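K.L.:
Below is one structure. I have some questions about it.
Bear in mind these aren't lab numbers, they're just calculated from the coordinates by the rules spelled out. Just so it is clear, the structure is predicted and the values come from calculations on it, not from any experiment. Glycine gets a Cβ as well: all are built from the backbone with ideal geometry, and neighbour counts include every protein chain shown.
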Amino acid sequence: MTHVYGNILGLIGHTPLVKLNRVTNDISATVYAKLESCNPGHSTKDRIALHIIEAAEKKGLLKHGSTIVETTSGNTGFSIAMVSIIKGYQCILAVSDKTKAEKIAYLKALGATVYICPANVAPDDPRSYYEVAKKIAAETPDSIYINQYFNELNIDAHYQSTGPEIWEQTEGKITHLIACTGTGGTLSGSAKFLKEKNPDIKIIGVDASGSILKGFHETGTINHSDIHPYQIEGMGKNLIPSALLFDKIDEFIRVNDELSAHRTREIALKEGIMGGYTTGAVVQGLLQYATTHEFSKEDVVVVIFPDHGSRYITKVYSDEWMTEQGFMNNDVLNDEKVFKTEVIK
Ligand SMILES: Cc1ncc(COP(=O)(O)O)c(C=O)c1O
């Protein structure tokens, strides 16, 4: 029997590379997207959830009924909840009260206990989701705190899986890897592996306008004036994660909410790939990079598409949301920007 698995976790990893044929037409290189939405939890975070939990098992830190704690309302939460179900652990997630009800419903559907914490308090306030998660982890026997921003196993998960997969899938021909950075784990772990194979591979990080990561890479200091609120979820940060190996990254590109949103919609319309907001951001980053760097026909570029667009139906894929943001007035992409609906009465 082929493609038959003992449980859902057997489907984690080995995601496909798909050639982009339209959105990157102006670039002479061949561009492949690594579709992390093909993981069973629909994102790249399945890899780190499984890797970190199995590492804790190997160390004897977990037994049946143990508790896994994390601060996330995003993809990592879904992945930890899924892994916990299969392995028989409790999953506790501390999230901010800004989290949309549909996300909380999703996490609860996967059996997670969700603590909703006020967003407008300092990180060291005992009510903040960081402090709540830390306290639960400290007080719960046999529990582990995933702590993805400061856990080197986040890097290791991608060093052991994503990097080798990309190397094999491109038969060692990859010349450029480009990915959005949140914790930095995906790009850092993949880059560490790929640079060991071929130090000439260019590693490009994509940061959000409003985040400090690009500025820190260039100056080694945190520029507080870089910080402002932004809409793209999952990338950029206002602190420096230790899961981001800055020395493995050759260059950072900064992208904004508006162009990334339009690019996400364009990818769906032109490639038939419904990705999350950072899918648009990474392609936007590549196109901006291409304005200052020449690609050749022999270049093989891999872009990471981190998750699935179904989580963003009420955001980038909603004309109402786009209009509220003021993104629909501007002729940014000179292309189809409004999804068509016809109501038959
Ligand atoms: C949608 C999305 N894109 C990109 C990233 C960035 O991945 P990493 O944390 O490995 O840098 C994340 C991380 O949370 C994410 O949720």
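K.L.:
So what is log10(I(q)/I(0)) for region 95-229 at q = 0.14, 0.19, 0.20, 0.21 1/Å, when the Debye sum runs over its Cα atoms only?
P.N.:
Taken in order of the listed q values, log10 I(q)/I(0) reads -0.90, -1.19, -1.22, -1.24.
K.L.:
Name the most mobile residue of ILE27, ILE203, ILE273, meaning the one with the largest mean-square fluctuation, in a Gaussian network model of the chain with Cα contacts below 10 Å.
P.N.:
Of the options given, ILE27 has the highest mean-square fluctuation.
K.L.:
Oh, and also: In nm, what is the difference between 0.36 nm times the number of residues separating HIS64 and ASN198 and their Cα-Cα distance?
P.N.:
Details: separation 134, 0.36 × 134 = 48.24 nm, distance 4.22 nm.
Length gained between HIS64 and ASN198: 44.0 nm.
K.L.:
At a Förster distance of 45 Å, what's the computed FRET efficiency of GLU171 paired with TYR5, Cβ-Cβ distance as r, to 0.05?
P.N.:
Details: r = 27 Å, r/R0 = 0.59.
My answer for the efficiency is 0.95.
K.L.:
Under a crude label model (7 Å from the Cα following the beta-carbon direction), how far is LYS100 from ILE85 in nanometres?
P.N.:
Between LYS100 and ILE85, the simple spin-label model gives 2.0 nm.
K.L.:
So who's got an amide H within less than 5 Å of the one on ALA94, skipping anything under 5 residues away but keeping other chains? H placed 1.01 Å off N, in plane.
P.N.:
Here GLU70, THR71, THR72, TYR115 satisfy the definition.
K.L.:
Okay, moving on. Classify region 1-78 as rounded, prolate or oblate, taking a ≥ b ≥ c as the square roots of the eigenvalues of its Cα gyration tensor: rounded when a/c is under 1.5, otherwise prolate if a/b is larger than b/c and oblate if not.
P.N.:
Values: a/c = 3.14, a/b = 1.99, b/c = 1.58.
Prolate is the answer for region 1-78, as a/c is 1.5 or above and a/b outweighs b/c.
K.L.:
Arranged from highest to lowest average of other beta-carbon atoms within 10 Å per residue, in what order do the peptides 311-317, 5-11 appear?
P.N.:
311-317, 5-11
K.L.:
Between ASP250 and GLU139, what length comes free when the chain is fully extended (0.36 nm per residue of separation minus the Cα-Cα distance, one decimal in nm)? Please report the intermediate quantities before stating the final value.
P.N.:
Details: separation 111, 0.36 × 111 = 39.96 nm, distance 4.18 nm.
Answer, rounded to one decimal: 35.8 nm.
K.L.:
Hey, another quick one. Within 10 Å of each residue's Cβ, count the other Cβ atoms and sort ILE166, ILE86 from fewest upward. The partial results should precede the final answer.
P.N.:
Numbers: ILE166 25, ILE86 14.
Result, fewest neighbours first: ILE86, ILE166.
K.L.:
Please list 274-287, 234-247 highest first by mean number of surrounding beta-carbon atoms within 10 Å per residue.
P.N.:
On the way: 274-287: 26.7, 234-247: 19.1.
Ranking the peptides 274-287, 234-247 by packing returns 274-287, 234-247.
K.L.:
Next up: Take the Cα atoms of the chain, find their three principal axes, and give me the spread along each one in whole Å, biggest first.
P.N.:
56, 54, 52
K.L.:
Magnitude of the Cβ-charge dipole of the chain, K/R +1 and D/E -1, about the Cα centre, nearest 20 debye? The partial results should precede the final answer.
P.N.:
Numbers: 34 positive and 42 negative charges, 151 e Å.
Approximately 720 debye in magnitude.
K.L.:
Using only helices, what value at 222 nm comes out for the chain when you add -39,500 (n - 2.57) per DSSP H run of length 4 or more and divide by the total residues, to the nearest 500 deg cm²/dmol?
P.N.:
Values: 11 runs with 119 residues, N = 345.
Result for the chain: -10500 deg cm²/dmol, rounded to the nearest 500.
K.L.:
Still on this structure, I have one more. What's the extension gain from ILE222 to ASN120 if we count 0.36 nm per residue and subtract their Cα-Cα distance? Mind showing how you got there, number by number?
P.N.:
Values: separation 102, 0.36 × 102 = 36.72 nm, distance 2.19 nm.
Gain in length upon complete extension: 34.5 nm.
K.L.:
Place the peptides 177-183, 295-301, 259-265 in order of packing, highest mean first, counting for every residue the other Cβ atoms within 10 Å and averaging per peptide. Let's see the in-between values first.
P.N.:
Numbers: 177-183: 28.0, 295-301: 15.3, 259-265: 24.9.
Taking the mean over residues of other Cβ atoms within 10 Å, the ranking is 177-183, 259-265, 295-301.
K.L.:
To the nearest 20 debye, what is the magnitude of the charge dipole of region 39-162 about its Cα centre, counting +1 on the Cβ of each Lys and Arg and -1 on the Cβ of each Asp and Glu? It would help to have the intermediate numbers written out before the result.
P.N.:
Details: 13 positive and 13 negative charges, 51 e Å.
It works out to roughly 240 debye.
K.L.:
Each label point is 7 Å from the Cα along the Cα-to-Cβ direction; what then is the distance between the points at LYS270 and GLU54, in nm?
P.N.:
3.8 nm
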